[in-house]
Amino acid sequence: MSWTKQIIAAALAVTAPATGAAAEATIRVGMVRAVSSGALLIATERGYFKELGLNVVVEEADSSANVLAMLSQNRFQVVMGGLSAGYFNAVEKGLPIVIAMSRVSTPIRHGLLLRADLADRVKEIRELKGRTIATNGPGSVSTYEIGKILESAGLTLADVDLRVIPFGQYGVALANKAIDAALAIAPWSLQLVKQGLAVPFVNSDEVIRPSPVAISVASINTDWAKATPSQPRDFFLAYQRGVRDYCQAYHGGSTRKTIVDLLIRSGAETRPEILNEYIWPSSDPYGRINVASMLDMQTWFVQHKYAGAQVPTERLVDTSYAEHAAQELGPFELENKASTLAGCR
């Protein structure tokens, strides 16, 4: 069974209304498959959506940029995935979408990897001038990260040869010496180093400002939200309960095994051992998005011609859903108080 069908089946299994009960409102979610999917999976598994009369149906998306059109047409009511130039372009065009909540933020644990055989020759960021660097997409967060890393040493994208390569093909490109460096995320950042193809060069968390960086978000269709204001409010309240369960698992709490099992069952990850080899993406238990980071990203994309004109903050994000969920759920307290991990706090 495909990942999409598995996750839809799981959602339907826990949200099907009892005979004679009032019909539940169906919310369609387009979601990029990732470890951070565990938050929505456990919210579904534990019936948080059902408690609020919602039937959540999830469909897999290749990237959030590819489903923004479906979000604007209300074919999806919610989309969860990476923030990209495509989002800013869509808002500039007046499409009825807005960011409602953070999904993943600093510490992001992304990094610029250097081809292993260059470790003795390239010691500083400025020595990347003239080198070939891989990103997973021209208007992606990865390209923004590369640009910010280069700018920290007085370089720009014009000083390097930027190549667009899917994360899964980085290994081949490094082995063939087609690229000199690559902006990688887990698990590739771990695997490429273990395979001896690359070495860690720059930690994005140490260089990129403003921080925390707004990496992945949840966006909604604003026409839907205006027509049925209680639905997105309830959706994000239930979802944020799942985020808090995810954060407990992130810090080694009681929900860890449940979320690992859900991620394996859904196909978000097929190797359980991998989930214990690296630190998961961090999520904010209050759903807060760093507006300063989002605006910096928009400015950067506009300056580098990936996006058109800048648009006002109020058209880019609606913080009311995170604020409502935080008020309803109250303070977040870690089960595992001995955890020293940054993030998910």
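With loop membership from DSSP and a limit of 16 other Cβ atoms within 10 Å, the longest segment of the chain without chymotrypsin sites (Phe, Trp or Tyr not before Pro) is 1-277. Summing charges over neighbours of residue 129, with a neighbour being any other residue whose Cβ is under 14 Å away from its Cβ, gives -2 when K and R count +1 and D and E count -1. Between residue 345 and residue 309, the FRET efficiency estimated from the beta carbon spacing at R0 = 22 angstrom works out to 0.05.
The alpha carbon convex hull volume per residue for the chain rounds to 131 Å³.
Is the C-alpha gyration tensor of the stretch 116-208 telling us rounded, prolate or oblate? Criteria: a/c under 1.5 is rounded; beyond that, a/b larger than b/c is prolate, otherwise oblate. Taking the square roots of the gyration eigenvalues as a ≥ b ≥ c, the stretch 116-208 is rounded.
Short-range pairs are left out: with C-alpha atoms under 8 Å and at least six residues apart, the relative contact order of the chain is 26 percent. What fraction, in whole percent, of alpha-carbon pairs in the stretch 187-300 exceed 17 Å separation? Distances greater than 17 Å cover 70 percent of the Cα pairs.
Taking 11 Å as the cut-off, the amide N atoms of the stretch 87-113 that come nearer than this to a point 7 Å along the Cα-to-beta-carbon line of residue 279 belong to 106-110.
Distance between the 7 Å Cα→Cβ label points at residue 66 and residue 178: 1.9 nm. Of the trypsin sites (Lys or Arg not before Pro) found in the stretch 206-315, those that fall in a DSSP loop while having at most 11 other beta-carbon atoms within 10 Å are 305. Extension gain for residue 228-residue 332 works out to 34.6 nm (0.36 nm per residue, less the C-alpha to C-alpha distance). Rounded to the nearest 10 degrees, the inclination of helix 256-266 to the longest alpha-carbon principal axis of the chain is 90 degrees.
Rounded to the nearest Å, what's the spacing between the alpha carbon centres of the stretch 149-177 and the stretch 299-327? Just the number, please. One Cα centre to the other: 27 Å. Each Lys or Arg adds one and each Asp or Glu subtracts one; over the other residues with Cβ under 10 Å from the Cβ of residue 342, this totals +1. Loop-located GluC sites (Glu not before Pro) in the stretch 258-310 (DSSP state not H, G, I, E or B) with no more than 11 neighbouring Cβ atoms inside 10 Å: 273.
A short reminder: the numbers here are calculations on the coordinates, not readings from a lab. For clarity, every value in this text was computed on a predicted model and none was experimentally measured. Virtual Cβ from ideal backbone geometry, glycine too; neighbours counted across all protein chains shown.
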